[in-house]
Amino acid sequence: MAQIEIIMLSVRVHPGGDTMTAKNAGTDTVRLISLNMAGGMHLGRLLKFVSDMRGRVDIFCFQETIDGLACMPDRIKFTNGTYEAVKSRLKGFKAYTTEPYTRTGLFLSMFVRGSIDTITDGSAILVKPKWRDLQSWSRLQYAEIGLNGKRAVVAHLHGLYIPNQKPSLHYLDTKERLQQSKKALFELSRFNEPALLCGDFNLKQDTRSVAMFERKMRNLVKENGIKTTRNSLALPGSYGLTDYVFVSRGIRISEFKVLRRNVSDHLPIYVRFSLE
């Protein structure tokens, strides 16, 4: 029987987090992008997209970020230095990263516009099975933000990938994935604040693991009838819908769309929201 290791990682408290900056005082909406950047496999397209969107987005949540060179199978070509290249195009944004969650060095990253107050940030390992052939595990990253005197937590995760399964089974419920959903909800509940959770969950929509989020949060992908968040750059056998955005009470959505920009093997998801 597989054992599951659950570890809570670092939390950073930012001095002066209770005081809104003058630049942010009149801001009442936040514009967010969630994207699995696939390790910069299509770096030129990715960097153009980031440059195009930096004036129209306040928070970028990137899964599968990479900086150093990863050792991957020949069919997967991650690009060395992707994180620094993206960071260089996001001047005026605060950059937050996690420890790697794969043996090849992938990590989560968030870029938050400097005018948005960041009160705390941190991350947690959700599940880390004790499998002999374990290559990746599941991690969540969050930032607690202040907006017009109110607070909310913005988080994203990269869900557990299970090796040595048929492609059709990659995105179904397992004991580990159910534990992953439970732990993610627990991490959000610690704040007792409105929450937005996005990312690549590696889950089909009709799973119990997704339903656990839906019992407490709105599933914006489902509400908007989204059929796929993948594109022609995806590897053969990739399932079409594994990226989600969930929001709790207290989050008001004014715009939601999946952007038809082929900058990765996943499509970027755009959300504009405010706090009630």
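If amide hydrogens are placed 1.01 Å from N in the peptide plane, which non-local residues have theirs closer than 5 Å to the one on Phe93?
For Phe93, whose amide H was placed from the backbone, the distant partners under 5 Å are Gly114.
Hey, got the dipole for the stretch 29-275? About the Cα centre, +1 on K and R Cβ, -1 on D and E Cβ, debye to the nearest 20?
Around 380 debye, computed over the stretch 29-275.
Determine which residues of the stretch 127-156 fall in the zone a paramagnetic label at Leu259 would reach in this model, i.e. backbone nitrogen under 19 Å from the point 7 Å along Cα→Cβ.
In the stretch 127-156, the label zone of Leu259 (backbone N under 19 Å from the point 7 Å along Cα→Cβ) covers 155-156.
So, in nm, how far is label Leu235 from label Lys222 when the simple model puts each one 7 Å beyond its Cα toward the Cβ?
The modelled label-to-label distance comes out at 2.9 nm.
Between Asp206 and Lys150, what is 0.36 nm times their sequence separation minus the Cα-Cα distance? Round to one decimal in nm.
Stretched out fully, the Asp206 to Lys150 stretch lengthens by 16.8 nm.
With r defined as the distance between the Cβ atoms of Gln135 and Arg249 and R0 fixed at 45 Å, what FRET efficiency is calculated, to the nearest 0.05?
Efficiency at R0 = 45 Å is approximately 0.75.
Hey, can you grab everything whose amide H is under 5 Å from the amide H of Arg139? Only 5+ residues off in sequence or another chain; H modelled, so Pro and N-termini drop out.
Here Leu126, His158 satisfy the definition.
Every number in this text was worked out from the coordinates using simple rules, so none of it is lab data. What you are looking at is a predicted structure, and each value in this text was computed from that prediction instead of being measured. Every residue, glycine as well, gets a Cβ built from its backbone with ideal geometry; the counts of neighbours run over all protein chains shown.
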